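What follows is a single structure, written as structure tokens, with notes after it.
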Amino acid sequence: MGRCCCLPRSSCCRKDRLLLDDTQDSPVVVDARGCTDMACLLLFALTMGVFAAVGGAAFAMGDPAALQHGTDHLGRRCGSEGELADYPAVFYPRLSHDLVEQREVLTRTPWALHLYGVCVAACPQHGDPPVPEPGTSRTWPVGTNTANVANRCLPIEESSTANVHACVEPACGEAGEACLPVGERGVQRDGLWLLETDEQRGRCVRAAEISSAVTYGAPNADGVLRSLAAATGTMSRAWASTIASAGEVVLCGVVLAVVVSAAWLLFLRLCARFTVWLLLGTTTLILLVATALCAAKASLFDGAALAAHARDALATHGVGGGDELHASVSNLLAADAENATAFTWAAGALALVSILYICLLCMLRSAVRTMVTIVEQATLVVGAHPAMLFVPLGSLAATLALSLYAAVALAFLVASEPTADTLIQLQAAAQADAEANAEAQLARIGVDADVPSTALLVNVTAAVLSPLEPSALKTALIAFHIFGFLWAFQLVNAVGWTGMSGAASHWFFFRQHAAQKMRFPVFCSLWRVVRYHLGSVAFGALLVAAVQSVRLLFEWLERQSRAAGEGSDLGRFVVRCTWCCLWCLEKCVRFVSSYCFIFTALNGDSFCAACRQTVRLATAYPAQLATNALVQSLLYAVQSLLVPLLCALAAFRLVQADALPGWIESLERAINGAG
């Protein structure tokens, strides 16, 4: 049935092949396809096998308790049996000192940090009594609030802002009021007095609003600890807010997001031409405004005169607020004498870019019209196959699950101390179990045969791992684990993209052919990708993952050299330029691979053949591809801002009005009444 669902309804499971003529500009149908890039598929399967083996070894060698509970300065596991059973969390009373003292270890091998920890029953907060150290008479003061993260008490950076309304004129002595002390509440000058009543405000001629911000954190905190404290505070507050507003998150973050996305697609279907030209015109306007702003800052024209002209124009038409607008525009367009040269160069560059951009838009009018048609057809595809909306959600769920597994396995791997002998023993035991299970299965079905020995694999593993030191072995395992995760991550996204491309191309070419219609077109397209073209998809995902791995390796080496104080300014400049080049290379590989996946879904080509088709397309229609990329980026930016912004505003209004709890109670009463 799975095979039949992917064939035309009128010819389900028929044996004659539906080959298309070479003269027809249509996709290759299902039965004319063959498996592509099998060598890369085998390489991917081997890599995933090793990736899973590394994860299994990490789970076998790692200590789950090391993830759940930390250790104190004596190496004792908090929450373990004995005197620490009632103390599951670990508090770091001298975290800033330890991080500064072990800065080199933090940069090179952060998993080797040794922090002074004290086991506690609950994470202490500022104002609590000093924390006693179990088994000793020593106590530690608590200077900052802490948050419990995996039973680790991490410091929280907290900020508070205070606003004071004070009178400047007349001075406090003339007004007969108590003067605000300099240095308190953000006061930086003498003669100010506090405005608290309407009578005081009536006597004040010139007032000032003084804002002061105070940030509480650990003393002598360096950049790492300050970033850690700020991140911990932000995450703890965000998590608490999310739990407290779970209903708003579900309603506005899921339900409303789907509704707004559907409305956005409908709007594109009805107003594609207007939307595309509006976005292009908006980008042109932004470029012109930025050019004018830089020119005003460089004193190339009088910004004050322009602001005065705008004020007079508003006054002529009877529009209020002209004075406020004049003050704001004058301040914005005020000349900057110190940076006049920089603003002059910026204005010239922006003017050149604006002219080129406008000229290109005029020259590419036909390409823009073609892109408008593509947008309209894309909305029709989604309308015909609404299941395509769930493909990105499925890819997101798969990547989240993969990321969770990779993160947990990496945590176990970091918490373990792998050696070559340990890994060889684990592999030998796993292979022995597999051989025993295979023999039992053969015996159960009455087959008397010997299972091939896998001792050769153990010997190969021993030959590869034995020369490595434990530290080098651990680094190599972590590096391979990260590479395997990146490859699998890219593969999942590429499968979804290729599957949607196949469903869209089949609909475009065969939507008028009843004989070519499928029962489940999106599912069948995904199945075609997995059945025939998983090797080609793995090939493209490998290229992206390889570039990402090189970028990560280069970034790690750069951090290592910077931590060791090696290299000159010129060397660091070359390193950053190389890193930027790798970033550009990754973008190019992603762009080419996306079109290669489309050709693979369309024609059933291998990845290399699809790359040749992509090059031909790029050389034949460079303007169209550039226009498509520009409009696609603009649409992506708008929807990425529009949907979250509308959902956030709706959630804010619900929380502000406290409307959701009552709505949920009414829904629960209705459900209980119906039950």
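With respect to the stated conditions, LEU552 fails to be under 25 Å from the mean Cα position of the chain (by Cα), aliphatic (A, V, I, L, M) and buried (at least 16 other Cβ atoms within 10 Å of the Cβ). In a residue-by-residue description of segment 85-108, the property of being of a type in the set (D, E, K, R), open to solvent by less than 80 Å² (accessible area, probe 1.4 Å) and more than 30 Å from PHE554 (Cβ to Cβ) applies to at least one position. Quick check: anything in segment 514-527 under 26 Å from the mean Cα position of the chain (by Cα) and in a helix (DSSP H, G or I)? Yes, that holds for at least one residue. Here is a list: GLN431, GLN441, GLN427. Which entry is open to solvent by 70 Å² or more (accessible area, probe 1.4 Å) and over 25 Å from the mean Cα position of the chain (by Cα)? None of the other options fit; the residue is GLN441. Residues in segment 266-276 that are touching a residue at least 12 places away in the same chain (Cβ under 8 Å) and surrounded by fewer than 17 Cβ atoms within 10 Å (Cβ to Cβ): 3 in all.
Residue pairs whose Cβ atoms lie under 9 Å apart, sitting 6 or more positions apart in sequence or on different chains, and linking a residue in segment 237-253 that is of a type in the set (S, T, N, Q) to a partner that is open to solvent by less than 60 Å² (accessible area, probe 1.4 Å) and assigned to a helix (DSSP H, G or I), are SER245/ALA651; SER245/LEU654; SER245/LEU660.
Could you tell me whether segment 193-200 includes any residue that is surrounded by 12 or more Cβ atoms within 10 Å (Cβ to Cβ), modelled with pLDDT under 80 and among the aromatic types (Phe, Trp, Tyr)?
Kept after step one, since they are surrounded by 12 or more Cβ atoms within 10 Å (Cβ to Cβ), are these residues of segment 193-200: 193-195, 200.
Filter once more, keeping what is modelled with pLDDT under 80: none.
For segment 193-200, residues surrounded by 12 or more Cβ atoms within 10 Å (Cβ to Cβ), modelled with pLDDT under 80 and among the aromatic types (Phe, Trp, Tyr): absent.
The single condition among (1) of a type outside the set (S, T, N, Q); (2) at pLDDT 90 or above; (3) open to solvent by 90 Å² or more (accessible area, probe 1.4 Å) that TRP663 does not satisfy is (2). For segment 465-485, filtering for residues that are within 31 Å of the chain's Cα centre (by Cα) and of a type outside the set (Val, Ile, Thr) leaves 12. Scanning segment 411-421 for residues that are part of a helix (DSSP H, G or I) and either open to solvent by 50 Å² or more (accessible area, probe 1.4 Å) or at pLDDT below 75 (or both) turns up just one, ASP421. Scanning segment 279-295 for residues that are surrounded by 13 or more Cβ atoms within 10 Å (Cβ to Cβ) and free of Cβ contacts under 8 Å to residues at least 60 places away in the same chain yields ALA292, LEU293, CYS294, ALA295.
When segment 454-476 is filtered for residues that are modelled with pLDDT under 75, open to solvent by 90 Å² or more (accessible area, probe 1.4 Å) and of a type outside the set (A, V, I, L, M), only ASN459 remains. In segment 341-358, the residues that are of a type outside the set (Gly, Ala, Ser) form Cβ pairs under 6 Å with partners that are not in a helix (DSSP H, G or I), at six or more places apart or across chains, as follows: PHE343/ALA298; THR344/ALA298.
Counting only residues that are open to solvent by less than 60 Å² (accessible area, probe 1.4 Å) and without any contact (Cβ under 8 Å) to a residue 24 or more places away in the chain, which one in segment 60-77 is farthest from TYR116 (Cα to Cα)?
Taking segment 60-77 as the starting set, the residues that turn out to be open to solvent by less than 60 Å² (accessible area, probe 1.4 Å) are 61-62, 65-67, 69-73, 75.
If we keep only those that are without any contact (Cβ under 8 Å) to a residue 24 or more places away in the chain too, we end up with 65, 75.
On the way: ALA65: 18, GLY75: 10 Å.
Going through the qualifying residues, I end up with ALA65.
For segment 19-49, what are the residues that are assigned to a helix (DSSP H, G or I), of a type outside the set (Gly, Ala, Ser) and at pLDDT below 90? Don't jump to the end; show me each part of the working.
To start, the set of residues in segment 19-49 that are assigned to a helix (DSSP H, G or I) comprises 30-32, 38-49.
Filter once more, keeping what is of a type outside the set (Gly, Ala, Ser): 30-31, 38, 40-44, 46-48.
Passing the criteria: VAL30, ASP31.
Restricted to segment 201-222, and to residues that are at pLDDT 70 or above and in a loop (DSSP other than H, G, I, E, B), which residue is surrounded by the most Cβ atoms within 10 Å (Cβ to Cβ)? Among those residues, the one meeting the criterion is CYS204.
Pairs are defined by a Cβ separation below 8 Å, a sequence spacing of at least 6 or placement on different chains, a first member in segment 160-174 that is farther than 15 Å from THR197 by Cα and at pLDDT below 80, and a second member that is open to solvent by 70 Å² or more (accessible area, probe 1.4 Å) and among the hydroxyl-bearing types (Ser, Thr, Tyr); the pairs so defined are SER160/TYR216; THR161/SER211; ALA162/SER211; ASN163/SER211. LEU617 satisfies every condition listed in (1) aliphatic (A, V, I, L, M); (2) under 23 Å from the mean Cα position of the chain (by Cα); (3) open to solvent by less than 60 Å² (accessible area, probe 1.4 Å) except (2). Look at segment 501-523: where a residue is loosely packed, with under 15 Cβ neighbours inside 10 Å and a partner is among the small types (Gly, Ala, Ser), sitting 6+ places away or on another chain with Cβ atoms under 6 Å, you get ALA515/SER10.
When the criteria are applied in full, PRO88 fails the requirement of being more than 27 Å from ALA409 (Cβ to Cβ) and over 28 Å from the mean Cα position of the chain (by Cα). Answer with yes or no whether CYS123 is buried (at least 21 other Cβ atoms within 10 Å of the Cβ), in contact (Cβ under 8 Å) with a residue 12 or more places away in the chain and either outside any loop (DSSP other than H, G, I, E, B) or in contact with a Gly (Cβ under 8 Å, 6 or more places away or on another chain) (or both). Spelling it out, it is not the case that CYS123 is buried (at least 21 other Cβ atoms within 10 Å of the Cβ), in contact (Cβ under 8 Å) with a residue 12 or more places away in the chain and either outside any loop (DSSP other than H, G, I, E, B) or in contact with a Gly (Cβ under 8 Å, 6 or more places away or on another chain) (or both). Applying the set (1) among the polar types (S, T, N, Q); (2) modelled with pLDDT of 80 or more; (3) touching a Gly at 6+ places or on another chain (Cβ under 6 Å) to SER561 leaves exactly one unmet item: (2).
The values are calculated or read from the model by the stated rules, or taken from the named source; none is laboratory data. The structure presented is a predicted model; accordingly, all values stated were derived computationally and were not measured. Using ideal geometry, Cβ is built from the backbone for each residue, glycine included, and neighbour counts are taken over all protein chains shown. Note: areas computed on protein heavy atoms with side chains; ligands, DNA, RNA excluded. Shrake-Rupley method; radii C 1.70, N 1.55, O 1.52, S 1.80 Å.
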